[in-house]
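Some notes on the structure that comes next.
The values are calculated or read from the model by the stated rules, or taken from the named source; none is laboratory data. Owing to the predicted nature of the structure, the values given are computational and were not obtained by experimental measurement. Glycine gets a Cβ as well: all are built from the backbone with ideal geometry, and neighbour counts include every protein chain shown. Protein only, heavy atoms only, side chains kept; ligands, DNA and RNA dropped before computing areas. Shrake-Rupley method; radii C 1.70, N 1.55, O 1.52, S 1.80 Å.
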Amino acid sequence: MNGIPGASAVGSGNRGAGGAGPGGRLPAGFPAVRPRRLRRSPALRRLVSNVRLHPADLVLPMFVKEGVDEPVALTSMPGVVQHTRSSLLKAAVEAVEAGVGGLILFGVPAAKDARGSAADDPAGIVQLALADLVAEVGGDIVLMTDLCLDEYTDHGHCGLLTDAGEVDNDATLARYASIAVAQARAGVEVVAPSGMMDGQVGAIRAALDAEGFTDLPILAYSAKYASAFYGPFREAAECAPQFGDRTGYQQDPARSVAEALREVALDLAEGADAVMVKPALAYLDVLRAVADTVDVPVAAYQVSGEYAMVEAAAAAGWIDRDRAIAETLTAISRAGADIILTYWAVEVARGLAATR
């Protein structure tokens, strides 16, 4: 503790070099360094804050379901719904009005098959919903799409399967390339491949470039872990694996940060324009390491399980909901995220605007 001004007195009964003076009062001027000075009032804390959220940093994940007439509420994610095409547009306008930076779209088709045919069908739910969004809010907010197969396959895995039931990495790349082109033709502004197939960014970049979409950015889910925090999302996207799990292709939580950095480096070498860490809160160390290493935008996904835990604990009266939301998002920003995907995007954006 030597060398830290005033540190020798922290927690000490004798808080000054000469001890307490007459009447038990401490000597004047001790301690000389008082960090609490800058915490005395809300206005002062706001003035010196150096981690600031902004509505434009936030991206709202949205689910659109084919064949429903009304939005479908999700039991595990209070306040989140599977949208109809019309309710999706209304929610998108609300996000624009709140100042949210982007939307990322997940589709839930009416019919699924082994190859996820609806994913690149020009008349598939995501392509149709994208066209709606482009017409309604295009230019006012960044329109992104998740690019994967698990929402579209009848087996729930993120790629095509071999006869032995394993995910076929290289055959899946061709499907991802086709999906990217279909989404690009529908008007997407950023594609976000999330399947964790080796070589996925390179395959998508090559396909987009070959079709003339050379300016379309790729936000790669570069460090996506096989996490227990995805459970509520699987209700929302109706994509729970019908057998096994995704540990064979998503990253192992027990591996060091070095593996995440390797995945990031590979994606950047293949042409990724931005990278993502998912989930956020359990992987803040990974997020910090990535942010310190790369010179492209870094995103973090505050996933469904993180959302559901806060909502459930708040509903039980165990935590202060608003403070917990703000604290978790601030932690993600502090760890280095430039972009935060969160289901609270609109609510938080409105709150931030109200406090300016």
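Things to note:
- Tallying residues that are open to solvent by less than 10 Å² (accessible area, probe 1.4 Å) and part of a helix (DSSP H, G or I) within the stretch 240-282 yields 2.
- Just one residue in the set 142, 188 is outside any helix (DSSP H, G or I), at pLDDT 95 or above, touching an Asp or Glu at 6+ places or on another chain (Cβ under 8 Å) and aliphatic (A, V, I, L, M); that residue is 142.
- Within this structure, residue 176 passes the test of being modelled with pLDDT of 95 or more and open to solvent by less than 20 Å² (accessible area, probe 1.4 Å).
- When the test is whether a residue is part of a strand (DSSP E or B), touching a residue at least 24 places away in the same chain (Cβ under 8 Å) and open to solvent by less than 40 Å² (accessible area, probe 1.4 Å), residue 127 does not pass it.
- Scanning the stretch 290-331 for residues that are in contact with a strand residue (DSSP E or B) (Cβ under 9 Å, 6 or more places away or on another chain) and of a type outside the set (S, T, N, Q) returns 290, 291, 294, 296, 297, 298, 299, 300, 301, 303, 329.
- When residue 86 is tested against (1) in a helix (DSSP H, G or I); (2) under 18 Å from residue 190 (Cβ atoms); (3) over 17 Å from the mean Cα position of the chain (by Cα), exactly one condition is not met: (2).
- Test result for residue 209, assigned to a loop (DSSP other than H, G, I, E, B), among the acidic types (Asp, Glu) and surrounded by fewer than 19 Cβ atoms within 10 Å (Cβ to Cβ): no
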